[in-house]
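What follows is a single structure, written as structure tokens, with notes after it.
The values are calculated or read from the model by the stated rules, or taken from the named source; none is laboratory data. These figures come from a predicted structure and were not determined experimentally. FYI the Cβ positions are ideal-geometry reconstructions off the backbone, even for glycines, and counts take in every protein chain you see. For the accessible areas, the whole protein counts, side chains as well, though only heavy atoms, and no ligand, DNA or RNA atoms are used. Shrake-Rupley method; radii C 1.70, N 1.55, O 1.52, S 1.80 Å.
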Amino acid sequence: MEPADVLAGLDPEQREVAQAVRGPVCVLAGAGTGKTRAITHRIAYAVHSGAVEATGVLAVTFTTRAAGELRQRLRALGVPGVQARTFHAAALRQLTYFWPRVIGGDPPAVIESKLPLLRTVCRSVGREAAQAEPRDLAAEIEWAKAGQIYPEDYAEAVKKIGRTPPVPAEEMVRVYEAYEALRRERHLLDFETILELTAALITEHGEVAAQVRQQYRHFVVDEYQDVNPLQKLLLDTWLGDRDDLCVVGDPNQTIYSFTGATSHYLTGFPVEHPGATVIKLVRDYRSTPQVVALANRVLEVARSPHRLSLVAQRPDGPEPAFTEYADEADEAAGVARAVRALADRGVPLRETAVLFRVNAQSQAYEQAFAEAGIPYLVRGADRFFERPEVRKAVVLLRGAARSAGAGDDLAPAVHHILSGIGLTPEPPAGGRAREEWESLRALAELAEDLAARGAGLPGFVAELERRAAEQHAPEVEGVTLASLHAAKGLEWDAVFLVGVTEGMLPIVHAKTPEQIEEERRLLYVGVTRARVHLAVSWALVRSPGGRPRRPSRFLDGLTGRPARVRASAPAPRERRTVAATVSCRVCGKTLAAAAEQKLGRCAACPVDYDEALLERLKAWRAAAAKEAKVPSYVVFTDVTLQAIAERAPASEQDLMAITGIGRVKLERYGEAVLAICRAAGDQTEDA
């Protein structure tokens, strides 16, 4: 490939990046501006023009997926010899290579997770630390190590910056010290130690430094706004006194400061490297002018000196929609209707995403999509009913429902049970503990909702089991449900930003101006995930009768945006009443299991039904699922088909009486199901 061929098809700014073959170079690349294209073409142009050797280039990024994409693109451009790796992969390769020669013996084993060690540590350091969530402790240790804060300096460091640890600082110091001692005793490496030891080997051993710097002469670092102090230390060690470095990033997408990442290295690059070439990529090829305009307005009020104002390159599209709902359940149902409407207009479900601030918000959308028959995938989190705290709560609730106190008022009983496993009147400051609290709070609010309709504890448990059975995320095409953090780096044709209220975005524990601005950038990241369709919504209360809330302050001052509107006369959201007890229609015994309640009988009770009708229903379901490109159970579950075959409904009212068949399923499948049942009845009469 000729150098001129590499430059073909690049816009003027991308071409400028490609031709800046020697560092220092800083590329400020806005969302959707083709930064990966620019840096891969820069590397390819430098190699093909003879400015650098392919084997002397190290391209570093943050995820294995991103590194793989870099390698794939570089191979297509004729430069397969370039090394593209994550920080940790590059460091581990060097550490493993040099360890036997410099240290001696086998290098330590690498641990994928700190949790097993921390569980051991928690049992040994005291009751208070043992009660903390190990994931929160792991995250805090990772933050400290990323910032090169050692156990003896930890307490003073968090006090100085006003950081709230997951346990008191003195307890955290004990956990941190014990973790490091146990890790060394077992000859183990975590990801942070890999970076630290690699930097130490290069710094303290001249022969190692000479070999590494002879091998790698040119460096490219992607997502530079996400670099933490430990990664910066390693990068500086790799470089030595050289400056052949190209960094790429977007200060507007700095959303990981809680892990120790900082955009100061990116924004301060020209100061650290006087005379550096600085190039801005602002032509947005991802989103329509309407989406781009909103993204720019989100950040206008921030008045950041490093803000990049995007310039849309795509044709016009629809204006972003802003919708206010009465409560969160109505918001979820409204989003489900809007997703279905877009699908009917040709937007694939795989090109649609619902984005929220915390993972606990997914439950309402899992439920709404399941009821609407819309397949979905939860990204970056367990499905709601598979989360450990939810599974534990359901076990406790099930046991309580069998006890003598099952006749107690539902809401107080559920609150009492959940308070024993972490539901407090006020939410924790953040981290995994906050996510668990949100999950438990969602269960408590569901109990309050069902209590208002007369349900007791057995009925509530049965409803939980029904929802758990019917809300499995399909392993096929579906709407993506994801947190804003998990969505970074991804894009869809249609994006729904939901729950955009005060206390959620910005999150309630964001207090300082810096924290508030990071929350604003989260909204910006969400907006810039959309290519064409963008909808922003919020609910006035979490549930009927709840505490009023107001839309996020980030929606104020968006000049030129459509006025906030209330959802216009949506179809009434079906609210299924759960009776306190459901009796078997054969023997009269009270039914507790969700499947038995759907059938209306005990599983062991005999019942006559037309087996041929059931087979015809299954054949119809398979055809309907194939046509809609969804799993069969999204149409109807096996238990629902069994109930239909047993009851042979003759009218819409009969069909609606079967648990699991609501208005949406009736409108979509009712006519076909009733026709099959009528045909079966006619054949029986003829016989």
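Highest mean packing first, where packing is the average number of other Cβ atoms within 10 Å per residue, the peptides 133-146, 539-552, 170-183 line up as 133-146, 170-183, 539-552. Beyond 21 Å in Cα-Cα separation lie the following of the pairs LYS114/LYS145; LYS35/LYS145; LYS114/LYS160; LYS392/LYS511; LYS618/LYS665; LYS159/LYS511: LYS35/LYS145; LYS114/LYS160; LYS392/LYS511.
A cut-off of 5 Å between modelled amide H atoms, ignoring neighbours fewer than 5 places along the same chain, links ALA29 with GLY249, ASP250, LEU281.
In this Cβ point-charge picture (+1 for Lys and Arg, -1 for Asp and Glu), segment 481-562 has a dipole of about 240 debye about its Cα centre.
Can you tell me the order of 223-229, 338-344 when each peptide is scored by its average per-residue count of other Cβ atoms within 10 angstrom, highest first?
223-229, 338-344
Nearest 10 degrees is fine. How inclined is helix 289-300 to the longest principal axis of the chain, computing both from alpha carbons? Helix 289-300 sits roughly 70 degrees off the main axis of the chain.
Rg and Dmax of segment 1-120, both derived from C-alpha coordinates alone, stand at 18.0, 59 Å. Here the chain carries DSSP beta bridges of which approximately 5% are antiparallel, counting only pairs with both residues inside.
For the chain, the fraction of 1.4 Å probe accessible surface lying on carbon and sulfur atoms is 51 percent. These residues, HIS416, HIS485, HIS509, go from largest to smallest accessible area, 1.4 Å probe, as HIS416, HIS509, HIS485. Residue farthest toward the positive end of the dipole of the chain, with Cβ of Lys/Arg at +1 and Asp/Glu at -1: which of GLY32, VAL102, LEU58? Farthest towards the positive end: GLY32.
With the charge dipole of segment 91-189 set up from +1 on Lys and Arg Cβ and -1 on Asp and Glu Cβ about the Cα centre, the Cα lying farthest toward the positive end among the listed residues PRO166, TRP143, LEU115 is that of LEU115. Each of ALA276, VAL358, PHE385 was scored by the projection of its Cα onto the charge dipole of the chain, and the greatest displacement toward the positive side belongs to ALA276; charges sit on the C-beta of Lys, Arg, Asp and Glu.
Protection proxy ranking, highest mean first, for peptides 360-370, 281-291: 360-370, 281-291, where packing is the per-residue count of other beta-carbon atoms within 10 Å, averaged. Note that segment 89-223 presents 50 Å² accessible area per residue, ligands and nucleic acids not counted, probe 1.4 Å.
Using Cβ point charges alone (K and R +1, D and E -1), the dipole size of segment 178-269 about the Cα centre works out to roughly 140 debye.
This model, with +1 at the C-beta of Lys and Arg and -1 at the C-beta of Asp and Glu, gives the chain a dipole about its Cα centre of some 460 debye.
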